[in-house]
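Below you'll find the structure, written out as structure tokens, and then a few comments.
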Amino acid sequence: MINNESRSVVILGASGNLALTKLLPSLYTLFTSGALPQNFAISGYARTAMSSEEYRKIVEENLRNSIEETLLVESFLQEYLKSIHYFSGSYDSVEDFSKLHVGLAEIHTKFPSKPTVLYYLSIPPSVFEPVIHSLRECGAIEKGDPDVSVIVEKPFGYDTESAKALGKTLDQTFDESQIFRIDHYLGKEAIMNLMVMRFANLIFEPVWNRNYIDSITVAWEEDKNIGGRGGYFDKAGIIRDVIQNHLLQILALVAMEKPRSYDSDAIMAEKNKAVKSIEQITLDDCILGQYISGVCGGKPVIGYTDEESVPDGSKRETFARIKCAINNHRWSGVPFYLQAGKALTKSSTEIIFQFKEVPGDIFSSPHHPNKLIIEVQPDAGIKFCITNKVPGKGMVLKDVALDFSYDDGFNKAMPGAYERLLLDAIQGDKTLFINYEELIHSWEIFTPILEKIDAGNAEVFPYHAGTNGPEETSRI
Ligand code: BG6
């Protein structure tokens, strides 16, 4: 508990999906667990005109639909709702933002101490610039003020240049120390455990390199089609949607060297180095796909270009497998595959470490090299595939798995990624956020192929919805 302190969270884009289904429920869970101070306020800002009372009703309805019943304690819920305020205005009006600023000041007078204020920009990229401008011009932000910070959500641009332009916009108003770039994958338990697994256990480090590991695959799949998200998705594609951010962050944590300590500067420095060592990707390193009709999650699914929200004849990739190479002593020659797709057989995220063959095999019974699988979702766990003798006569070998699941091992609910990251940002801890340098490196890796894909100059193979992606996937 961080009591005696006062904290204020301002959600810009408060009527949007992210705010209502992720941010406000996560803040509620933090509130009920006692992680937030008594002097705490949430203020929402969006275009729709409504009173705080009306907004609270919407929030309440969403909470009742999304929070587990056992957590919905009526007295907590009512107290939480009381801490919520709502302001409406347009995103490009300094005058409306001034009203928000005055409103916030009034809310803050009820606190015994000056609160820290965290702005969450849960807004579409099209209004990003006017919002930052209005925040600055209305006097809400002083550059470098340690008591005011901002969380920004992806997309952080759509290529290197636009990411730099966005960086400049932010830089006019905020110091880098005030900016929290969120990637919710960094708040997932199995991802946060990567560093613990590597650096708090002795047995992994000696084999965590090109001498023992044959390949590493980060495989992300979803059994959902694009549906109504085509407007956004067709401009982005799967590489911008999940590979350049979520999957690359996983790769960085897998590949980085041990930081000198578990503090945000040391971790960021090592992650930056790892990302910087990734060689630029060409189209020869990619297999791209786009789903056509099929059956997904038990339901018939129309093809991507038949979706109403998708332009006819679009060549946008809904699947990609990308082979990355890391040019450093530890990883030289080890392919890292980043693979992601929409409308596949299931929804899951796994990291697969394929080990090399044992040299000079003395057994005549067939068996496979070791494999370590980190299961991120839906059920987090760690599986280590080893070769074992089958009990009984003769020398027959079999691949078996040592299987650890978070459910069995800890028997407690996993906190949501947003819950964890929001609390960190409220407390000013940047360990699990992305810094500017790393962001720009990550765009530099993908921008050359994205330009070609955007221009329609890349081959995109069809695959049926509900399958594992295009047949051509195994070519790289
Ligand atoms: C988002 C993408 O960043 O991550 C979505 O825009 C994707 O397309 C989502 O579905 C996946 O997140 P999670 O936590 O459900 O795996």
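A few comments on the model shown:
- Checked against (1) of a type in the set (Ser, Thr, Tyr); (2) assigned to a loop (DSSP other than H, G, I, E, B); (3) at pLDDT 95 or above, SER309 passes all but a single condition, namely (3).
- Within the stretch 386-408, if we keep just the residues that are out of contact with any Pro (no Cβ under 9 Å at 6 or more places or on another chain) and either of a type in the set (S, T, N, Q) or closer than 19 Å to TRP208 by Cα (or both), the residue that is surrounded by the fewest Cβ atoms within 10 Å (Cβ to Cβ) turns out to be LEU402.
- Subset of the stretch 294-306 that is within 25 Å of the chain's Cα centre (by Cα) and crowded, with 18+ Cβ neighbours inside 10 Å - its residue that is modelled with the lowest pLDDT: CYS296
- Output for the stretch 170-205, where each listed residue is among the β-branched types (Val, Ile, Thr), buried (at least 17 other Cβ atoms within 10 Å of the Cβ), away from the ligand (no atom under 16 Å from the Cβ) and in a helix (DSSP H, G or I): THR173
- Considering residues of the stretch 329-356 that are among the basic types (Lys, Arg) and farther than 18 Å from LYS188 by Cβ only, the residue surrounded by the most Cβ atoms within 10 Å (Cβ to Cβ): LYS342
- Residue ID - farthest from LEU253 (Cα to Cα), chosen from residues in the stretch 335-350 that are part of a loop (DSSP other than H, G, I, E, B) and among the small types (Gly, Ala, Ser): ALA343
Condition check ((1) over 22 Å from LEU423 (Cα atoms); (2) at pLDDT 95 or above; (3) buried (at least 17 other Cβ atoms within 10 Å of the Cβ)) across all residues:
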residue	(1), (2), (3)
TYR28	no, yes, yes
GLU69	yes, no, no
GLU74	yes, no, no
HIS101	yes, yes, yes
PRO112	no, no, no
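- Output for the stretch 147-164, where each listed residue is in contact (Cβ under 8 Å) with a residue 40 or more places away in the chain and assigned to a loop (DSSP other than H, G, I, E, B): GLU153, LYS154, PRO155, PHE156, GLY157, TYR158, ASP159
- Options ASP379, ASP361: the member that is of a type outside the set (Val, Ile, Thr), without any contact (Cβ under 8 Å) to a residue 60 or more places away in the chain, within 16 Å of the ligand (Cβ to nearest atom) and assigned to a loop (DSSP other than H, G, I, E, B): ASP379
- LYS323 vs. criteria under 16 Å from THR447 (Cα atoms) and either assigned to a helix (DSSP H, G or I) or not hydroxyl-bearing (Ser, Thr, Tyr) (or both): yes
- Of all residues in the stretch 267-293, those satisfying the criterion of being buried (at least 19 other Cβ atoms within 10 Å of the Cβ) and closer than 22 Å to SER348 by Cα are CYS286, ILE287, LEU288, GLY289, GLN290, TYR291.
- Filtering ALA236, ALA252 for residues that are within 16 Å of the ligand (Cβ to nearest atom) and either touching a Lys or Arg at 6+ places or on another chain (Cβ under 9 Å) or polar (S, T, N, Q) (or both) leaves a single hit, ALA236.
- Complete set of residues in the stretch 121-145 that are in a loop (DSSP other than H, G, I, E, B) and of a type outside the set (Ser, Thr, Tyr): ILE123, PRO124, CYS138, GLY139, ALA140, ILE141, GLU142, LYS143, GLY144, ASP145
The values are calculated or read from the model by the stated rules, or taken from the named source; none is laboratory data. Keep in mind the model is a prediction, meaning the values are calculated, not measured. All Cβ positions, even for glycine, are placed from backbone atoms using ideal geometry, and neighbour counts span all protein chains on display.
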